[in-house]
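In what follows, a structure is listed as structure tokens, so that the remarks can point back to it.
The values are calculated or read from the model by the stated rules, or taken from the named source; none is laboratory data. Treat the numbers as computed from the prediction; the structure is a model and nothing was measured. Glycine gets a Cβ as well: all are built from the backbone with ideal geometry, and neighbour counts include every protein chain shown. For the accessible areas, the whole protein counts, side chains as well, though only heavy atoms, and no ligand, DNA or RNA atoms are used. Shrake-Rupley method; radii C 1.70, N 1.55, O 1.52, S 1.80 Å.
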Amino acid sequence: MFLSDRRQFVAALGASATLAALPAAARAVVSAGSASFAALLASFADELLQLSPATATSLGVDTGKNAGLRARLADGSAAGRARTSAEMDSIRARLAKVDRRTLSPAQALRYDTVDYAAARGQDGARFRYGGGAGDGFGGGATPYAITQQNGTINYLPEFLNSQHPVKTSSDAEAYLARVAAMGRALDEETDQMRGQAAIGVIPPDFIAANALGQLKDWRAVAAVDQPMLASLVRRAGTAGVGGDWGVRCAKLIESSVYPALDRQIAAFADVTRGASHVGSVQRLPQGDAYYAYALRLGTTTTIPAADIHKTGLEQNAEIKAKIDAILKSQGMTSGTVGERVVALNADPRFLFPNTDDGRAQLIAYIKGRIAAVRPLLPRMSRLGLKSEVDVKRVPPDIQDGAALGYMNFASLDGSRPATYYVNLKSTALWPKYQLATLTAHEGVPGHTWQGAYLAEHHAEVPLITSMMGFNAFVEGWALYAEQLMDELGLYKDDPFGRVGYLQAQQFRWCRLVVDTGIHSMGWSRDKAIDFIVGETGKGRDAMTSEIDRYCASPGQACGYKVGHNEILRLRAKAMKALGQRFDLRNYDDMVVKTGGVPLTILASEVDRFIARGGTA
């Protein structure tokens, strides 16, 4: 799963900017004669960075003319969100003045991609809740302002710790400026949450309880013991940057952050008192229309929920048969596939001690899996990417609401490698036999590889491309990467590792069933949990957390397999059309070099790939 950078960008876009009005360039009439298309794309990126200063830091472009962004957070007021909507309208209006027929194929690809993202932003602005235009622009649906995985407390402290640089005195001052602005961000978020509640948009009780517990737990930590303060002090010391950073940070937390958080806790407890136990967005205003919108964001298609549900059921049955055959070959014959996988998950051969030492062993094992994959990469790509990646534990203060695994792309300036996070609330969440596939997904050749192309070839790719994350492409590529490792023999002598791979694929098929079941077919939370536990054999605690994620982010879970299916369908089409001219490496590189696009646009790119004889 790919989260942080683009989720922060989407959250910040939903918040908008501190500018009083759009930049003058946003009001200018642009034509092929008055400005180049490349300059137009650059102006879009500049404007969007003003709307989302944190994205500039995540990408490593908060320098030079953008240096002032390092000290800023987005404006989350209603007026700010309105400016985001205006930006979506402005982008599309200026694109409409460009004669697309005059563009090169590469430029036409960027034209179509940006236009698609802005159009989905316009779609989001039509709803009175969620992230509005910020959700639509390359992001996913977030109906509630505060959940166990969305909100200032969930993203900002970790963003400051892992992405805001602290190498100079000005970096540290900018860090403090963002801590000071955190109180404002919390209050703006609280106002948005109250406005949503006024029209009946309240998270279900199980999400509310988890989120409220997280807020209270964060508030219970003394200011001097907050990890974001410790991070500033530690990194300033390492860089030799003198100053009373810890004292100043503690004062800001006490005077600005904690009072705003107290207000948020009180308001959230108030509006969620008596919240429904129904997880479906169908109960919200325009609920069915909102879920259709969420599915479109999650899959970049208009496939109906009923068809997605049916596909999930059919292909889940097919892949279970493959798992069954391997388990029987290893002497595991009693019980359903799910029951046998449950037994496998409890097998001491595959468990790390649930201790700090065991967590260290697990991370070391993941690093070994990355090393094992690298020799296979020249067989699936000619790009030769370095694709550097750090492996870290999900910070304990956010692990209760976090995904089981996710990563942040590398910064474009090379100052920060990709970071692959694994949730180690309990080491039992990740039996050893599942880690090779998780690593192929989050690391190489999955998310880390795709992001590495954007970073290592950033001079060739317009900046705005790195600011859009189309879920079905990003997650579809990562599932395809899992399959590539199986096809290239990673599990040749590792039957249980292949079970882990197949189980991971099956889990994504089941996601199609439960997401659509919850949001369009009246499934209860308990029915969804029972289904996914029974079918996959994954632990009930882990799957409860997963189902709660789908309730908080409808449609996102469907993008994985829809994207994977389409990449495979298009590969089969190219293989048939090209025959002996088909080269897997060229196909894979063509997909990655799009930078990430909606699936409909990927289909057009594959047609062009075929037309030019299969060259990347």
(request) Show the residues, 5+ positions off or on another chain, whose built amide H is closer than 5 Å to the amide H of GLY443. (result) THR448
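Using the heavy atoms of the protein chains alone and a 1.4 angstrom probe, what is the accessible area of region 183-249 per residue in square angstrom? Don't jump to the answer; show the numbers that get you there.
Details: 2830 Å² over 67 residues.
It amounts to 42 Å² per residue over region 183-249.
Sorted by mean Cβ packing within 10 Å, highest first, what order do the peptides 327-337, 143-153, 368-378 take? Spell out each step's value before the answer.
Details: 327-337: 13.5, 143-153: 26.2, 368-378: 15.5.
The packing order, highest mean first, is 143-153, 368-378, 327-337.
What is the calculated FRET efficiency for ALA364 to ASP494, with r their C-beta to C-beta distance and R₀ = 25 Å, to the nearest 0.05?
Working: r = 18 Å, r/R0 = 0.72.
Efficiency for this residue pair is about 0.90.
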(message) Among ALA180, ALA119, ALA96, whose Cα projects farthest towards the positive end of the dipole of region 94-237, with charges put on the beta-carbon of Lys, Arg (+1) and Asp, Glu (-1)?
(response) ALA96
(request) Only Lys, Arg, Asp and Glu count, each charged at its Cβ (+1, +1, -1, -1), so figure out the dipole size of region 107-227 about its Cα centre, rounded to 20 debye. (result) 100 debye
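For region 270-373, what does the accessible surface come to per residue with a 1.4 Å probe? Please give it in Å².
Working: 5160 Å² over 104 residues.
Computed with neighbouring chains in place, this is 50 Å² per residue.
What length, rounded to one decimal in nm, is gained on full extension from ALA93 through to ARG540, with 0.36 nm per residue of separation minus their alpha-carbon distance?
Full extension of this stretch gives 156.0 nm more.
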(message) Given a 1.4 angstrom probe, I'd like the percentage of the accessible area of the chain that is carbon and sulfur, rounded to a whole number.
(response) 55 percent
(request) Using the Karplus curve 6.51 cos²θ - 1.76 cosθ + 1.60 with θ = phi - 60°, work out ³J(HN,Hα) for each residue of region 325-336 in order, rounded to whole Hz, and write x for Gly and Pro. (result) 5, 5, 4, 5, 5, 9, x, 9, 10, 9, x, 5
(message) Need the list of lysines near LYS320 for cross-linking: C-alpha distance under 27 angstrom, and skip anything on the same chain fewer than eight residues off.
(response) LYS310, LYS328, LYS432, LYS492, LYS527, LYS538, LYS561, LYS573
(message) About the Cα centre, and with charges only on the beta carbon of Lys, Arg (+1) and Asp, Glu (-1), how big is the dipole of the chain? Nearest 20 debye, please.
(response) 940 debye
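Quote to one decimal, in nm, the extra length available between ASP347 and GLN330 on full extension: 0.36 nm per residue of separation minus the C-alpha distance between them. Before the final figure, lay out each step's value.
Working: separation 17, 0.36 × 17 = 6.12 nm, distance 1.35 nm.
Here the answer is 4.8 nm.
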(request) Of the options PRO165, TYR258, ALA236, report the single residue whose Cα projects farthest towards the positive end of the charge dipole of region 104-258 (beta-carbon charges: Lys, Arg +1; Asp, Glu -1). (result) ALA236
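Rounded to the nearest 5, what is the percent of antiparallel bridges among the DSSP beta bridges in the chain?
Details: 4 of 10 bridges.
Roughly 40 percent of the beta bridges in the chain run antiparallel, per DSSP.
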(message) Leaving out ligands and nucleic acids, and using a 1.4 Å probe, what accessible area per residue does region 61-108 come to in Å²?
(response) 47 Å²
(message) Just want the answer: with Cβ charges of +1 for Lys and Arg and -1 for Asp and Glu, which residue in ASN471, SER545, ALA611 is farthest toward the dipole's positive end in the chain?
(response) ALA611
(message) Tell me whether region 500-554 comes out rounded, prolate or oblate; compute the Cα gyration tensor, take square roots of the eigenvalues as a ≥ b ≥ c, and use a/c under 1.5 as the rounded threshold.
(response) prolate
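Given charges of +1 on the Cβ of Lys and Arg and -1 on the Cβ of Asp and Glu, with all other atoms neutral, how large is the dipole of region 188-345 about its Cα centre, in debye to the nearest 20? Spell out each step's value before the answer.
Working: 16 positive and 16 negative charges, 59 e Å.
With only Lys, Arg, Asp and Glu charged at Cβ, the dipole is about 280 debye.
What does the net charge come to around TYR111 if you take all other residues with beta carbon closer than 12 Å to its beta carbon, with K and R at +1 and D and E at -1? Walk me through the numbers before you get to the answer.
On the way: positive: ARG92, ARG94, LYS97, ARG100, ARG101, ARG110; negative: ASP99, ASP112, ASP115.
Residues near TYR111 contribute +3 overall.
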(request) Mind checking the full-extension length gain between LEU578 and ASP244? Use 0.36 nm per residue of separation minus the Cα-Cα distance, one decimal, nm. (result) 113.7 nm
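Name the shape class, rounded, prolate or oblate, that the alpha-carbon gyration tensor gives for the chain, where a ≥ b ≥ c are the square roots of its eigenvalues, rounded holds for a/c under 1.5, and otherwise prolate holds if a/b is larger than b/c and oblate otherwise. Provide the component values of the computation, followed by the final result.
Working: a/c = 1.36, a/b = 1.12, b/c = 1.21.
The shape class here is rounded.
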(request) Would you mind putting 126-136, 491-501 in packing order, based on average other-beta-carbon counts within 10 Å, highest first? (result) 126-136, 491-501
(message) Can you list residues from other chains, or at least 5 along the same chain, whose modelled amide H is less than 5 Å from the amide H of TRP523?
(response) ILE518
(request) Per DSSP H run of at least 4 residues, take -39500 (n - 2.57); add these up for the chain, divide by its residues and hand me the 222 nm value, nearest 500 deg cm²/dmol. (result) -19000 deg cm²/dmol
